[in-house]
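What follows is a single structure, written as structure tokens, with notes after it.
The values are calculated or read from the model by the stated rules, or taken from the named source; none is laboratory data. This structure is a prediction, so every number in the text was calculated from the model and none was measured. Don't worry about glycine lacking a Cβ; one is built from the backbone with ideal geometry, like all the others, and counts go over all protein chains shown.
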Amino acid sequence: MIQLSPPKLSDMTIPEILREKVLTALESLEVVVPDPARVQVTKAADLRFGDFQSNIAMMLAKGLGKNPREFAEDLSDRIAAEGLCEISIAGPGFLNFTLKAEAWAGLARSQWESDDLSVSQVKAPQTIVVDFSAPNVAKPMHVGHIRSTIIGECLSRVATKIGHKVIKDNHIGDWGTQFGMVTWAWKKGVDEERLETEPLQELLRLYRTASDASKEDVGTKEECRAELVKLQKGDPENKEIWERCLALSRKGLNQIYDRLDVSFDHWMGESAYNDDLAPLVEQLIADDLARESDGAICIFSNETGKPKHDPFKINRDGVWQDFPMMIRKSDGAFNYATTDIATVQHRVKEWNANHIWYVVDFRQGGHFSQLFDTSKRLGHEEVNLVHVAFGTILGKDGKPLKTRAGDLPQLEDVLNDAVKAAQIVVDEKRHLETAEEKAALAELIGVNSVKFTELSHHRMSDYVFDLDKMVALEGDTAPYLLYSYVRSRSIFRKLDGEVELKGDNLHLTEKAEIHLVRMLTRYSDQVHQVVEDYRPNLLATYLLELARAFHSFFEACPVLKSKGQTRESRLILCDLTSRVLKDGLNLLAIPVPERM
Ligand code: ARG
């Protein structure tokens with residue numbers, strides 16, 4: 001399996017430099033290190049003791065028959081890092097490194113001078129397919145699609161930023177039972193006008209009409225199924241309705257994606273694989289990977305692992321039983337799973353994917369385990385398949401979010417509600433002159449508050465959807481970050497003339513300045529970490545911390561009122577902060593306003 005290897009920087013990072021120095025010091029003490037990989041210098045857990053730390057003295061002392069603290073003292077005397085940092089010893093023998101102000105200034109200077117803010121590029125770029133959003137067309141878009149859409153876009157942007165080749169694919173559910181229902185209701189009476197203006201709403205109405213009617217009457221259910229069979233057999237009228245449905249759904253979905261600043265390279269929906277399914281199943285049977293069971297074709301366990309870790313086994317009342325994956329029903333129809341196997345093959349063969357990330361609700365975990373296992377058995381050992389799962393959005397009652405009518409809320413309604421809540425906050429801002437200005441800001445704040453709230457939570461945790469909280473200016477919110485950006489820029493509007501800033505003038509004396517730089521220079525690491533763990537919330541939380549460091553700096557260190565080099569140095573810090581905030585927010589797919 002190809003690993004997304006941790007990024008190697010072209011220039012060494014501070015922990016790497018310190019690690020080299022520790023290794024040299026150990027050599028000079030004639031200590032043989034059994035496993036050099038275990039010599040580590042990491043970010044300090046507690047900033048009061050230093051910026052970086054190492055537990056190497058404690059690890060080695062025992063084997064050397066030495067007291068760890070004394071050994072740490074010996075070692076620290078030998079580490080040649082005078083210009084770079086102070087070294088102190090804490091507790092039973094931790095080495096703590098506190099970077100000198102000059103060293104921090106040097107790091108900030110090169111970050112400020114670098115076009116990409118010193119974000120390092122991966123040495124071995126991979127081709128990554130990100131499978132996200134993927135709503136089922138002509139069916140209510142369930143809340144999970146909010147999470148998938150937003151997380152998927154963010155992961156795609158971050159992976160692209162560090163040098164991977166990313167292919168964004170919207171694998172929409174555009175084939176299946178729901179089309180029988182929509183077609184049935186369509187033929188009973190479709191509102192052509194509304195189809196043009198509000199395509200998703202009209203399709204949803206058709207779906208609901210058929211769904212309600214089928215619940216009341218078995219005959220209707222049969223009629224819907226018959227419409228589907230006609231479509232699958234290629235009936236021209238039904239095919240035309242289906243094609244119009246698809247085009248309209250795309251139009252409606254694109255309106256939402258535009259609002260969210262989300263885009264795709266491909267829309268290879270389920271129907272794109274229709275022709276591949278029959279030969280695929282035949283192939284799987286011929287290769288002995290699938291077999292008949294009660295008239296259906298299924299994939300069973302290959303009985304190589306423990307049942308506990310076997311996705312094709314299930315424990316019922318203490319007994320392990322087969323839990324096969326069905327790939328062809330007894331009536332000859334194919335399944336979600338069949339399409340997904342064909343999709344992996346397409347992505348590997350046609351797109352040369354090394355990684356496929358499925359940003360999909362955790363409830364589909366069982367499906368993906370079976371799919372991944374099947375793909376391996378099919379010989380796709382090379383591709384790293386990952387289910388980037390996420391939890392549930394909850395209402396204030398702690399239960400999965402529902403509308404008042406008890407339905408799953410639609411993404412569009414959620415966004416509109418958020419914009420309404422933001423409008424209230426924006427209306428209090430008197431300095432915005434026109435109603436248009438206020439409306440534009442409310443749209444920006446509303447939509448991006450929903451996005452930021454999503455991205456700031458660990459994807460596996462459930463969170464409560466609280467509109468008032470997410471649009472508030474205070475708290476861990478999008479408006480707080482957007483405001484921080486605006487504040488870091490506004491100072492430049494107040495400057496009388498043009499100032500030409502020079503990196504050489506950057507120098508740091510105050511604690512708040514050093515802390516701000518400490519946060520700024522972590523940017524590259526934080527960005528890489530998002531992809532290592534498929535966790536946008538690491539970047540979201542980092543940006544909040546950076547914003548807090550900026551506000552503390554801004555309170556403690558006058559910028560415009562200071563003079564000479566200090567003034568210039570602080571202006572550089574404002575500029576660098578605004579650039580990192582803007583860049584980081586852009587990775588979260590959140591655009592920044594210039595005023596608010
Ligand atoms: N359409 C599916 C749903 O709404 C999600 C598809 C996810 N992607 C996939 N390759 N299975 O649940």
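Looking only at segment 149-179, filter to residues that are modelled with pLDDT under 95 and of a type in the set (Gly, Ala, Ser); which one of those is nearest to residue 538 (Cα to Cα)? Ranking the qualifying residues of segment 149-179, first place goes to 173.
Residues that are under 30 Å from residue 239 (Cβ atoms) and within 16 Å of the ligand (Cβ to nearest atom): find the strands (runs of 3 or more DSSP E) completely inside segment 271-388 holding 3 or more of those.
Answer list for segment 271-388: 325-328.
Residue 222 meets the conditions (1) at pLDDT below 95; (2) under 26 Å from residue 134 (Cβ atoms) in every case but one. The failed one is (2).
Counting only residues that are under 30 Å from residue 502 (Cα atoms) and either in contact (Cβ under 8 Å) with a residue 40 or more places away in the chain or in contact with a Ser or Thr (Cβ under 9 Å, 6 or more places away or on another chain) (or both), how many does segment 77-101 have?
8
Annotation: residue 461 fulfils all but one of (1) assigned to a helix (DSSP H, G or I); (2) at pLDDT 90 or above; (3) surrounded by fewer than 16 Cβ atoms within 10 Å (Cβ to Cβ); the unmet one is (1). Within segment 522-545, take every residue that is touching a Phe, Trp or Tyr at 6+ places or on another chain (Cβ under 8 Å) and under 21 Å from residue 512 (Cα atoms) and give me the one that is surrounded by the fewest Cβ atoms within 10 Å (Cβ to Cβ). Going through the qualifying residues, I end up with 522. Of the residues making up segment 398-434, those that are assigned to a helix (DSSP H, G or I) and either surrounded by 14 or more Cβ atoms within 10 Å (Cβ to Cβ) or at pLDDT 85 or above (or both) number 16.
Could you tell me whether residue 169 is among the charged types (D, E, K, R) and buried (at least 23 other Cβ atoms within 10 Å of the Cβ)? Criteria met by residue 169.
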